[in-house]
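The structure under discussion is supplied below as structure tokens; questions concerning it will follow.
The values are calculated or read from the model by the stated rules, or taken from the named source; none is laboratory data. In this text the structure is predicted, and so the values were computed from the model without any measurement. Virtual Cβ from ideal backbone geometry, glycine too; neighbours counted across all protein chains shown.
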Amino acid sequence: MNLIEVNDLTFSYGSEPVLYNVNFSVAKGDFLALIGSNGTGKSTLLRLLLRELTPASGTIRLFGEDIHHFKDWPKIGYVPQVGLRSVNDFPATVEEIVRANLFSQIGLFRFPQKEHFAKTQQALEMVGMEQYAKRMIGNLSGGQQQRVLLARVLVNDPELMFLDEPTSGVDANTVTSLYTLLGELNKKTGLTVVMVTHDLGRAARQVHRTLCLEEGTLVELDKAQVDEELRHKHKHPDRQCRLMAE
């Protein structure tokens, strides 16, 4: 079953074209990396998939349904690129940050119940942060905060997760562990993951598929092409995906 189907997708910011006739699908259980140079439209593509933007033409289907009619958004989790900056100075504990994402289940002006505390604990255990539940979010390292943001998404039991540069602002020593965690979640829970990343070297060890976006064109890379991309990434990163698409 395909959770995402994109056909002939085109998008522009005013008169500036960004995406041209993009086509791809994501099957249930996939772990997909989206790579490409800065400014090529990777985050824009995620925003289109989240219906934050409207395409100029083409179609998007989520869980088999046209995105314009799709309403089951709790099935989809999203960790934005600005996630760490949004919580760093927030006066709340780790468990409060995670449990706050259950607001639709708890209800307005209502107190969380036993099951909400249990779900919060389970989500923190999934990312190895249960021992930090009472810590203030601002007192954690960047890597620990990113795990908490993952738990905040996982507390709603999503089937599909979008991540926009999940290792941005995270020190190099914790990058590998975050990718490993995402790989384990994918394997153990069947969570489908679509991740924008610049760190293909580490991500390639976990992902099943790699899509490359350059100059508005999207192309899927096979293993040999991924290896070639890794060999040349320090030589001509702005040209490699484009050359593969030609």
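Assuming residue 160 fulfils every condition listed in (1) of a type outside the set (Asp, Glu); (2) touching a residue at least 24 places away in the same chain (Cβ under 8 Å); (3) out of contact with any strand residue (DSSP E or B) (no Cβ under 6 Å at 6 or more places or on another chain); (4) within 30 Å of residue 64 (Cβ to Cβ) apart from one, which condition is it?
Answer for residue 160: the failing condition is (3).
Still on this structure, please answer the following. What number of residues within the range 162-195 are of a type in the set (Asp, Glu) and not in a loop (DSSP other than H, G, I, E, B)? Steps first, please.
So in the range 162-195, the residues of a type in the set (Asp, Glu) come out as 164-165, 171, 184.
Among the residues that remain, those that are also not in a loop (DSSP other than H, G, I, E, B) are: 164, 184.
The qualifying residues number 2.
Is there any pair with a first residue in the range 208-220 that is closer than 21 Å to residue 190 by Cβ and at pLDDT 90 or above and a second that is part of a strand (DSSP E or B) and of a type in the set (Asp, Glu) whose Cβ atoms are under 8 Å apart and which are 6 or more apart or on different chains, and what are they?
Pairs found: 209/220; 210/220; 211/220.
Which of the residues belonging to the range 114-138 are loosely packed, with under 15 Cβ neighbours inside 10 Å and either modelled with pLDDT under 90 or among the aliphatic types (A, V, I, L, M) (or both)?
Within the range 114-138, 114, 115, 117, 118, 136, 138 qualify.
On to the next question. Any chance the range 140-148 includes a residue that's buried (at least 23 other Cβ atoms within 10 Å of the Cβ), of a type outside the set (Phe, Trp, Tyr), in contact with a strand residue (DSSP E or B) (Cβ under 9 Å, 6 or more places away or on another chain) and not in a loop (DSSP other than H, G, I, E, B)?
Checked against the condition, which is being buried (at least 23 other Cβ atoms within 10 Å of the Cβ), of a type outside the set (Phe, Trp, Tyr), in contact with a strand residue (DSSP E or B) (Cβ under 9 Å, 6 or more places away or on another chain) and not in a loop (DSSP other than H, G, I, E, B), the range 140-148 yields at least one hit.
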